[in-house]
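Visitor: Below: one structure in structure tokens.
The values are calculated or read from the model by the stated rules, or taken from the named source; none is laboratory data. None of the values given here were measured: they were computed from a predicted structure. FYI the Cβ positions are ideal-geometry reconstructions off the backbone, even for glycines, and counts take in every protein chain you see.
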Amino acid sequence: HPDHIADPKDPDAMPLFEAVYPLTQGLTANVMRKAVGAAVARAPRLSEWQDAAWIKRQDWLGWNDALMTAHSPTSTAELSALQPARQRLAYDELLANQLALALIRRVRMKSIGRSIVGDGTLRAKVRKSLPFKLTEAQENALKEINADMEAPERMVRLLQGDVGSGKTIVAFLAMLNAVEAGAQAALMAPTEILARQHFETLSPLAEAAGVSLEIVTGRDKGAARSEKLGRIASGEAQIVLGTHALFQEDVAYKELGFIIVDEQHRFGVHQRMALSEKGPRPDMLVMTATPIPRTLALAVYGDMEMSAIREKPPGRKPVTTRAVPVERIEEVIAGVKRAAEAGEQIYWVCPLVEESELVPLTAAEDRYNEMRERFGDRVGLVHGRMSGVEKDAVMEKFHERELSVLIATTV
């Protein structure tokens with residue numbers, strides 16, 4: 001079954017180059033090329049929106065011609081990433097992104113929010129209960145967040161800090177500011193495991209402050225769920241943690257004034273907006289552990305203000321990052337064995353649950369089976385296809401140190 005059939009008398013009908021697209025199981029390259037070709041052919045003939053002199057200086061094609069050339073190259077030169085057609089499309093995409101961010105920022109600056117000013121009593125209780133003092137970077141981030149919350153305009157701020165830098169306590173103190181002002185606060189995490197981890201971490205702090213903490217996930221059912229939703233709707237639950245379940249239709253808040261989105265890159269804009277719509281223009285703080293240079297942050301998150309925690313609390317062990325080629329996997333496993341024998345615990349993260357013909361990466365199940373042969377029942381497995389009960393059971397074993405090695409996907 002040849003991909004192309006052409007008359008020998010018309011050799012030009014045979015394409016010399018073919019576009020290669022990422023595929024999934026059941027989707028062939030031929031079907032994908034036909035679909036893209038049909039989409040490009042149906043693309044509207046838009047009038048030029050770039051300055052004519054600018055287009056000429058750059059030696060660029062019009063948008064439609066650039067789109068056609070990028071998907072149907074006819075020469076080796078047209079395959080280059082620096083080829084004018086690709087440059088034109090990339091420029092348009094970046095320009096559209098920046099214009100959208102500028103519009104969002106302008107609308108936000110004009111939008112009336114609410115001034116959130118707490119009296120500091122709850123935050124003082126928590127600070128007194130902490131066995132450590134906040135770092136200067138944490139204090140500076142808090143000052144910036146509190147200043148935004150006090151302003152009448154709506155806050156949308158990005159808090160960036162490496163794992164272990166202390167973002168969570170900063171976020172919790174900001175939530176207490178909202179509670180002191182009579183509002184509710186919500187923290188949305190991308191996975192149930194992370195939401196429960198936040199709940200366990202923040203519960204003693206909430207107890208020290210004397211505030212009510214609630215967690216809502218997709219696993220809540222029946223009477224238990226109704227009871228939780230009732231506490232949230234009445235305002236009895238002052239701080240609510242959870243996953244996407246926080247913005248489901250049946251979840252209503254008495255007065256949601258402050259929102260935190262953890263690992264924001266794992267949520268879409270519409271998901272963040274859906275949670276925002278649960279309150280009267282609540283302030284929003286989004287958090288990420290991804291190191292972002294300030295210039296890149298302005299380009300990607302130009303609609304947000306930015307705070308960064310560049311230092312870690314004293315006493316934290318330094319993190320060592322090493323890249324090891326797969327050919328040296330036995331050395332890695334030997335290191336895992338030494339760590340396990342020393343009483344340490346190991347996370348081993350794999351990108352896939354099971355092996356794929358299309359992606360040549362080690363699957364979690366394969367690695368789990370291999371490690372079980374070496375370490376026995378001291379190895380556990382967690383992935384997204386498992387039920388919440390199954391994942392919790394494995395995580396509990398790991399927490400109780402019944403497991404030395406935990407093989408996981410990015411759940």
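Visitor: Looking at Leu158, Leu79, Leu67, Leu89, which one is touching a Ser or Thr at 6+ places or on another chain (Cβ under 9 Å) and either under 30 Å from Glu18 (Cα atoms) or aliphatic (A, V, I, L, M) (or both)?
Guide: Leu158
Visitor: For segment 33-70, name all the residues that are over 22 Å from Gln87 (Cβ atoms), modelled with pLDDT of 90 or more and within 32 Å of the chain's Cα centre (by Cα).
Guide: Answer for segment 33-70, where residues must be over 22 Å from Gln87 (Cβ atoms), modelled with pLDDT of 90 or more and within 32 Å of the chain's Cα centre (by Cα): just Ala35.
Visitor: Here's something else I'd like to know. Output yes when any residue across segment 88-99 is surrounded by fewer than 16 Cβ atoms within 10 Å (Cβ to Cβ), in contact with a Gly (Cβ under 8 Å, 6 or more places away or on another chain) and under 19 Å from Ile145 (Cα atoms), and no when none is.
Guide: No - not one qualifying residue is present in segment 88-99.
Visitor: Something else now. Here is a list: Gly120, Gly62. Which entry is surrounded by 12 or more Cβ atoms within 10 Å (Cβ to Cβ) and on the phi > 0 side of the Ramachandran plot?
Guide: Gly120
This table checks each residue for (1) of a type in the set (Phe, Trp, Tyr); (2) closer than 27 Å to Pro291 by Cα; (3) touching a Ser or Thr at 6+ places or on another chain (Cβ under 7 Å).
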site	(1), (2), (3)
Gln184	no, no, no
Phe199	yes, yes, no
Leu213	no, no, yes
Ala223	no, no, no
Ile232	no, no, no
Val251	no, no, no
Leu256	no, no, no
Ile260	no, yes, no
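Visitor: Could we say that Val359 is part of a helix (DSSP H, G or I) and either of a type in the set (Val, Ile, Thr) or at pLDDT 90 or above (or both) here?
Guide: Details: part of a helix (DSSP H, G or I): no; either of a type in the set (Val, Ile, Thr) or at pLDDT 90 or above (or both): yes.
It is false that Val359 is part of a helix (DSSP H, G or I) and either of a type in the set (Val, Ile, Thr) or at pLDDT 90 or above (or both).
Visitor: Just the residues that are surrounded by fewer than 22 Cβ atoms within 10 Å (Cβ to Cβ) and assigned to a loop (DSSP other than H, G, I, E, B), please, taken from segment 151-171.
Guide: Answer for segment 151-171, where residues must be surrounded by fewer than 22 Cβ atoms within 10 Å (Cβ to Cβ) and assigned to a loop (DSSP other than H, G, I, E, B): Ala151, Pro152, Arg154, Asp162, Val163, Gly164, Gly166.
Visitor: Counting only residues that are part of a loop (DSSP other than H, G, I, E, B), buried (at least 18 other Cβ atoms within 10 Å of the Cβ) and at pLDDT below 85, how many does segment 384-411 have?
Guide: 2
Visitor: Looking at Pro84, Pro8, Pro22, Pro44, which is the one that is surrounded by 11 or more Cβ atoms within 10 Å (Cβ to Cβ) and farther than 30 Å from Arg157 by Cα? Give the derivation first.
Guide: Numbers: Pro8 fails: surrounded by 11 or more Cβ atoms within 10 Å (Cβ to Cβ); Pro22 fails: surrounded by 11 or more Cβ atoms within 10 Å (Cβ to Cβ); Pro44 fails: surrounded by 11 or more Cβ atoms within 10 Å (Cβ to Cβ).
Just one listed residue meets the conditions, Pro84.
Visitor: Please list, ordered by residue number, the strands (runs of 3 or more DSSP E) wholly in segment 200-286 having 3 or more residues that are within 13 Å of Met188 (Cβ to Cβ) and of a type in the set (A, V, I, L, M, F, W, C). Walk me through it before giving the result.
Guide: Details: elements: 213-216, 239-242, 256-261.
Filter on segment 200-286 gives 239-242, 256-261.
Visitor: What are the pairs with Cβ atoms under 6 angstrom where one residue, in segment 113-136, is among the basic types (Lys, Arg) and the other, located anywhere, is surrounded by 11 or more Cβ atoms within 10 Å (Cβ to Cβ)? Sequence gap at least six, or different chains.
Guide: Going by the 6 Å Cβ cut-off, the qualifying pairs are Arg123/Leu173; Arg123/Leu176; Lys125/Ala208; Lys125/Ala209.
Visitor: Still on this model: Looking at segment 236-249, is at least one residue farther than 21 Å from Gly388 by Cα and free of Cβ contacts under 8 Å to residues at least 24 places away in the same chain?
Guide: Looking through segment 236-249, at least one residue is farther than 21 Å from Gly388 by Cα and free of Cβ contacts under 8 Å to residues at least 24 places away in the same chain.
Visitor: Residues being at pLDDT 90 or above, among the acidic types (Asp, Glu) and closer than 20 Å to His399 by Cα: count how many of those fall in segment 190-241.
Guide: 1
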